[in-house]
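The block underneath contains the structure these notes are about, expressed in structure tokens.
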Amino acid sequence: MRPAEKVIITTAITGSVNIPSQSPHLPLSADEVADAALEAIEAGSAVVHLHAREPNGRPTADPEVFEKIVGRITAETDAVVNITTGGASSMTMDERLAAARQLKPELASMNMGSMNFVYSGIADKVQEWKHDWEEPYVRNTYSHPFVNTFDRIEDTLRSLGEAGTRFEYECYDIGHLYSLAYFVELGLAKPPLLIQGVFGVLGGIGADHANLEHMVRIADKLFGDDYYFSAFAAGRDQLAFGTHSAWLGGHVRVGLEDSLWIGKGKLAESNAQQVRKIRAVVEDLGKPIATPAEARAMLALRGGNA
């Protein structure tokens, strides 16, 4: 791992997993997502990872919605915009790539393989549904995998890479590191890599701290110091895994995409609240927080967003 001289905080603002019935604080409309992103940036986030939703909260791949969000962020800040190419398992590949193809961000996420990506358990915890679409949407993940085959990964690396986009490589299991190594060998994934270790998603590697350290060991074996590492865990383990990543010399990710909580039994009221909490932890470890410009320099980003 290339040790982080300064820690990059990424905030995943809304995602496509959590639903409005779980929390009244989840940003939904384009304006809400943009507002939440701006608050997170002000709190110290150098990177904002973006999904989009319809006003009723249903995830959307509509580039026009993304453009409204990104336009406000880039007009008011110099933060790094990271647009999802993962979208949701219910979307086609063309839908998932539409926003990144149109907006050509300097950073985009890349899920490093097909997998069971299951969050149907949300349905067992919701007592009152706000919208008709929510329950079938989450239950569908029990029988429909997230698909990202090698030909799709290669096509995305080539097509977005030609536009100057670099990638946040999301690895949900150890095998995803070996898949990334294959694309490094092909010359399509170029160092310095940003590897985002994702823990605690049903179907992927569990939220066990031994797994985090194992992922770093294997990444060290495969990539040496040609990569930066960041980590998060879904749900209640979010803060603990961010802390562990920073302690190991990596970066951190928080946000309501990954966890709706700020403490045991207490919903986070905003993305910025989570940013402030992890920032305090990182700074208590004696590690300074990276600015957007410093994040760009570390990750070899081109500068300028959409």
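The values are calculated or read from the model by the stated rules, or taken from the named source; none is laboratory data. Small disclaimer: the values here were computed from a predicted structure and weren't measured. With ideal geometry, Cβ positions are generated from the backbone for all residues, glycine too; neighbour counts draw on all protein chains shown. Side chains included, ligands, DNA and RNA excluded: accessible areas come from the protein's heavy atoms. Shrake-Rupley method; radii C 1.70, N 1.55, O 1.52, S 1.80 Å.
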Considering only residues of region 85-94 that are of a type outside the set (A, V, I, L, M) and touching an Asp or Glu at 6+ places or on another chain (Cβ under 9 Å), which is farthest from residue 140 (Cα to Cα)?
-> 86
Residue match in region 197-218 (condition: touching a His at 6+ places or on another chain (Cβ under 9 Å), at positive phi and of a type outside the set (Lys, Arg)) | no
When residues of region 123-167 are limited to those that are in a loop (DSSP other than H, G, I, E, B) and open to solvent by less than 50 Å² (accessible area, probe 1.4 Å), the one nearest to residue 204 (Cα to Cα) = 148
Restricting the first residue to region 172-184 and requiring it to be over 16 Å from residue 158 (Cα atoms) and touching a residue at least 24 places away in the same chain (Cβ under 8 Å), which pairs with a second residue that is in a helix (DSSP H, G or I) and among the small types (Gly, Ala, Ser) meet a Cβ separation below 8 Å and a spacing of at least six or different chains?
-> 177/219
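Let me confirm something: among 5, 54, 42, which residue is more than 19 Å from residue 278 (Cα to Cα), out of contact with any Cys (no Cβ under 6 Å at 6 or more places or on another chain) and open to solvent by 10 Å² or more (accessible area, probe 1.4 Å)?
Values: 5 fails: more than 19 Å from residue 278 (Cα to Cα); 42 fails: more than 19 Å from residue 278 (Cα to Cα).
Result of the check over 5, 54, 42: 54.
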Which numbered condition residue 195 misses (of (1) open to solvent by 30 Å² or more (accessible area, probe 1.4 Å); (2) outside any loop (DSSP other than H, G, I, E, B)) | (1)
Within the set of pairs 6+ apart or on separate chains, which have a first residue in region 144-156 that is free of Cβ contacts under 8 Å to residues at least 40 places away in the same chain, a second that is part of a helix (DSSP H, G or I) and surrounded by 14 or more Cβ atoms within 10 Å (Cβ to Cβ), and C-beta atoms under 8 Å apart?
-> 150/179; 150/182; 154/183
Quick check: anything in region 170-189 closer than 19 Å to residue 13 by Cβ, assigned to a loop (DSSP other than H, G, I, E, B) and among the small types (Gly, Ala, Ser)?
-> no
Working only within region 90-109, note down all residues that are open to solvent by 10 Å² or more (accessible area, probe 1.4 Å) and within 20 Å of residue 255 (Cα to Cα).
-> none
Return yes or no: is residue 201 in contact (Cβ under 8 Å) with a residue 60 or more places away in the chain, out of contact with any Pro (no Cβ under 6 Å at 6 or more places or on another chain), over 18 Å from residue 109 (Cα atoms) and buried (at least 18 other Cβ atoms within 10 Å of the Cβ)?
-> no
Please go through region 9-55 and pick out each residue that is farther than 22 Å from residue 261 by Cβ and not in a helix (DSSP H, G or I).
-> 29, 46, 52, 54, 55
Enumerate the pairs (first residue in region 115-133 and farther than 17 Å from residue 234 by Cα; second residue anywhere and assigned to a helix (DSSP H, G or I) and open to solvent by less than 80 Å² (accessible area, probe 1.4 Å)) with beta-carbon separation below 7 Å, excluding pairs fewer than 6 apart on the same chain, so at least 6 apart or on different chains.
-> 126/21; 126/22; 128/21; 129/21; 129/135; 130/20; 130/21; 131/20
Identify all residues within region 66-89 that are in a helix (DSSP H, G or I) and open to solvent by less than 30 Å² (accessible area, probe 1.4 Å); write none if there are none.
-> 66, 69, 70, 73
If residue 109 satisfies every condition in (1) over 25 Å from residue 163 (Cβ atoms); (2) under 17 Å from the mean Cα position of the chain (by Cα); (3) not charged (D, E, K, R) but one, which is the exception?
-> (1)
